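The values are calculated or read from the model by the stated rules, or taken from the named source; none is laboratory data. Everything numeric in this text was worked out from a predicted model, so none of it was measured. Here the Cβ is made from the backbone with ideal geometry for all residues, glycine too, and neighbour counts use every protein chain on show.
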Amino acid sequence: MAAFKAANPDAVFEDFIRWHSPGDWDSDDDDMETGWHSPGDWESDDGMETGSSQIKSTESLKVEWPPHGRLSERMSEKGNSWRNLWNEAPSIPASEQKPLLDANQEGEKILHYLETLKPHLLLEQMVSTAFRAAADTLSQTSFGNSRQMVTKIEQLYPTMALSLKYLQGSYSIDSDFIEGLRRLCVIFGQIERLLTLAASLHRKLLQAPRLFEAIFSDCCKVYLPMMGSGSTISGNKKEFEMKQQPVNAHEREAVANMFTPPTANQSWRKLLSMGNLLNGHEPILREIIFCKRDRVSGSYYASSSQKEHLQEIETYRMYICGTSNDLRVALAIASCD
């Protein structure tokens with residue numbers, strides 16, 4: 001307001017509202033231009049009026065002044081805080097006003113906060129931020145309009161808040177809290193697997209939304225009862241039996257595109273295939289994972305207790321990705337220390 005007053009010495013409160021908050025001005029002529037100067041365009045470095053302001057001043061003379069209209073109801077009510085501020089605001093250009101934010105001071109505050117942050121508060125912020133970022137990443141996945149999937153993701157946020165509320169101001173972490181975090185991780189894993197399935201079906205059956213809804217609904221009948229039970233979907237031994245779904249004429253092309261027939265170049269490679277042919281030809285891409293588990297023993301960092309000594313960890317994992325033209329191998333090695 002102070003900068004607007006400095007740029008427009010003869011302005012009144014109604015003029016400021018027309019410029020700053022047009023929604024609070026009910027104009028009788030929608031095409032009427034304000035003709036008022038922006039605070040940053042009023043003066044140049046040498047204090048002279050700029051060329052753009054001269055043009056605006058010339059144009060403002062061509063319109064009828066003052067504009068016909070009235071303030072909105074909230075701006076017209078008695079004791080309006082905007083009008084009170086306008087009456088008290090001095091006429092000072094923006095370049096002469098005290099900055100609202102001292103960058104150096106705020107930066108020093110941040111550094112002081114990080115230097116004095118207690119470990120349990122740091123843990124609270126790190127864990128809460130990590131879970132929130134993971135939930136936001138899942139919610140941004142494109143999985144169609146499945147209401148079941150939308151409901152599950154919406155339920156994830158209150159579940160997460162309930163599990164993490166014990167971190168707030170807590171100086172000790174007990175076994176119940178650790179167990180709650182483990183259950184939360186299991187829930188995240190279950191929702192992520194279900195979301196991966198929904199996103200995959202949605203992408204493959206983009207032109208057949210009815211089939212997507214039907215197949216995914218059948219999957220949910222198996223997976224949803226396990227949500228929050230502590231068991232992982234991949235570890236469930238129950239086989240999934242999908243009901244037969246009729247395919248309409250306009251849906252056949254979408255289904256057929258999922259099983260592209262082999263080209264002439266691929267047909268002669270049958271002798272070189274790795275087996276497990278799909279509809280008579282080799283899949284375009286094949287992934288194989290080898291892993292090895294070892295007992296935790298002989299490590300300087302390993303626990304001395306018998307229970308921890310007998311614990312197993314996955315020490316080796318090899319990824320093999322092969323196509324008809326190339327083969328890629330990656331090896332990951334880990335140890336408890």
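The residues on offer are Tyr157, Tyr171, and the sole one that is among the hydroxyl-bearing types (Ser, Thr, Tyr) and at pLDDT below 90 is Tyr171.
Of the residues contained in the range 188-201, one or more are found to be over 27 Å from Gln245 (Cα atoms), at pLDDT 80 or above and surrounded by 15 or more Cβ atoms within 10 Å (Cβ to Cβ).
Applying the condition of being in a helix (DSSP H, G or I) and of a type in the set (S, T, N, Q) to the range 186-208 and asking which residue is farthest from Phe259 (Cα to Cα) yields Gln190.
In the list Ile92, Ile110, which residue meets the criterion of being at pLDDT 90 or above and more than 15 Å from Ala11 (Cβ to Cβ)?
From the options Ile92, Ile110, the qualifying one is Ile110.
When Asp26, Asp10, Asp15 are checked against the criterion of being assigned to a helix (DSSP H, G or I), modelled with pLDDT of 85 or more and charged (D, E, K, R), Asp15 stands alone in meeting it.
Of all residues in the range 85-108, those satisfying the criterion of being surrounded by 11 or more Cβ atoms within 10 Å (Cβ to Cβ) and part of a helix (DSSP H, G or I) are Leu85, Trp86, Ala94, Ser95, Glu108.
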